[in-house]
Amino acid sequence: MSDTPILIVGSMAFDDLELPSITARDVIGGSATYSAFAASTFTEVRLVAVVGDDFPEAPLAAMRARGVNTEGIERAPGKTFRWAGRYDRDLIHRTTLATDLNVFASFSPKIPPSYRETPIVLLGNIHPALQLDVLEQVDRPELVVADTMNFWIQGEPKALEKLLKKVDVLIINDEEAREISGIHNIRKAAADVKKRGPKAVIIKRGEHGALLFDEMGMFFAPGFPLEEVVDPTGAGDSFAGGLVGHVAKELEATDRIGPATLRHAMLFGTATASYCVEAVGTERVASIVERDVETRMNEIRSLFHLP
Ligand code: AMP
């Protein structure tokens, strides 16, 4: 475990999931929830989010038990954010059936003074104006990583453009890269997105892995081939959480974040996400320990072994 903290902001949610094998309602989810469970495998997490008065205590207690600081979670009167999605049989493509912002509609993040000096910030998927709001309240971090999705790319393009100027690493999927840039070719789309601000762009391609584009060039992290994927929800957020978790450890050990750090961190993100999808909701990602990630890292390394 490292002592270098990470500030994570994002959604905390009830998810209604239609998976090929089962339908599950009221599953605890949200971008911040998945990322916080994932990153807390490696280091201290400081969480900023809002929940409604209907959100149970148990997941918050489970987070605290993993070293997540929940002081920045606001409990507001009203209903918690809710998202509903249906997955295709391939478990890659999904359709959003509903996004109910609820308490997020009037949320304005307040960063506790004890969070202000946090070297790594992960802006999980929420309204880009809220992501910007958080950045304005912290001292300049060493690394700002942000995630977003089609809902905000289409609905809040201006706020997103502003945000991109303040981000070091942007994590999006291939469809989102195409939407932001209007370019189909993924390499050209990444170059276009990079011109809008981020020093590095990571493009996730579902089970096919993720590509990093930065000043050193390109890097590829494969998706780990699992025998059974149960629920891909939160894979992207767990990838981001695992990635920043490893960056925190490297920053503590070497006092710097370089292109090599990001490349290694992508594989740690992959390893972390591969656990998330093995169970419904946060069930698996909420219980992984560093030894689990090491085991999967060895399996990932063996994918590249040339006898
Ligand atoms: P992922 O599968 O990594 O893309 O993340 C899925 C999580 O994102 C779910 O638990 C949802 O609650 C959350 N989510 C879905 N849409 C939004 C949105 N528009 N804003 C914030 N969080 C969202």
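Taken residue by residue, the range 148-158 has no member that is more than 26 Å from Thr23 (Cβ to Cβ), in a loop (DSSP other than H, G, I, E, B) and basic (Lys, Arg).
The set of residues from the range 22-32 being more than 13 Å from the ligand (Cβ to nearest atom) and assigned to a loop (DSSP other than H, G, I, E, B) comprises just one member, Ile22. Look through the range 1-21, keep the residues that are more than 16 Å from the ligand (Cβ to nearest atom) and outside any strand (DSSP E or B), and return whichever of them is surrounded by the fewest Cβ atoms within 10 Å (Cβ to Cβ). Here the residue is Ser21. Do we find that Arg25 is under 22 Å from Glu142 (Cβ atoms) and without any contact (Cβ under 8 Å) to a residue 40 or more places away in the chain in this structure? Judged against the criteria, Arg25 is not a match. When Ala177, Ala200, Ala210 are checked against the criterion of being without any contact (Cβ under 8 Å) to a residue 40 or more places away in the chain and either more than 19 Å from the chain's Cα centre (by Cα) or crowded, with 20+ Cβ neighbours inside 10 Å (or both), Ala177 stands alone in meeting it.
Restricting to the range 94-110, and then to whatever is in contact with a helix residue (DSSP H, G or I) (Cβ under 8 Å, 6 or more places away or on another chain) and at pLDDT 95 or above, can you tell me which residue is nearest to the ligand (Cβ to nearest atom)? Per the criteria, the residue is Thr99.
Taken over the range 33-43, the residue count meeting the criterion of being more than 8 Å from the ligand (Cβ to nearest atom), in contact with an Asp or Glu (Cβ under 8 Å, 6 or more places away or on another chain) and not polar (S, T, N, Q) is 2. Of all residues in the range 61-88, those satisfying the criterion of being in a helix (DSSP H, G or I) and away from the ligand (no atom under 16 Å from the Cβ) are Ala61, Arg64, Ala65.
Hey, could you check the range 111-149 for residues that are in contact with an Asp or Glu (Cβ under 6 Å, 6 or more places away or on another chain) and within 20 Å of Glu176 (Cβ to Cβ) and say which is nearest to the ligand (Cβ to nearest atom)? I'd like the intermediate steps shown before the answer.
At the first step, the residues of the range 111-149 found to be in contact with an Asp or Glu (Cβ under 6 Å, 6 or more places away or on another chain) are 112, 116-117, 119, 124-125, 128, 139, 143-144.
Keeping just the survivors that are within 20 Å of Glu176 (Cβ to Cβ) gives 124-125, 128, 144.
Numbers: Gly124: 7, Asn125: 5, Pro128: 10, Val144: 18 Å.
For the range 111-149, the residue satisfying everything is Asn125.
For the range 220-268, a residue qualifies if it is buried (at least 20 other Cβ atoms within 10 Å of the Cβ), more than 13 Å from the ligand (Cβ to nearest atom) and assigned to a loop (DSSP other than H, G, I, E, B), and exactly one does: Gly223.
Taking the residues in the range 106-146 that are among the polar types (S, T, N, Q) and part of a loop (DSSP other than H, G, I, E, B) as candidates, determine which candidate is surrounded by the most Cβ atoms within 10 Å (Cβ to Cβ). Per the stated criteria, the residue is Asn125.
The values are calculated or read from the model by the stated rules, or taken from the named source; none is laboratory data. Note that the coordinates shown come from a computational prediction; the quantities given were computed from them, not determined experimentally. Methodologically, a virtual Cβ is constructed for each residue, glycine included, from the backbone with ideal geometry; neighbour enumeration extends over all protein chains shown.
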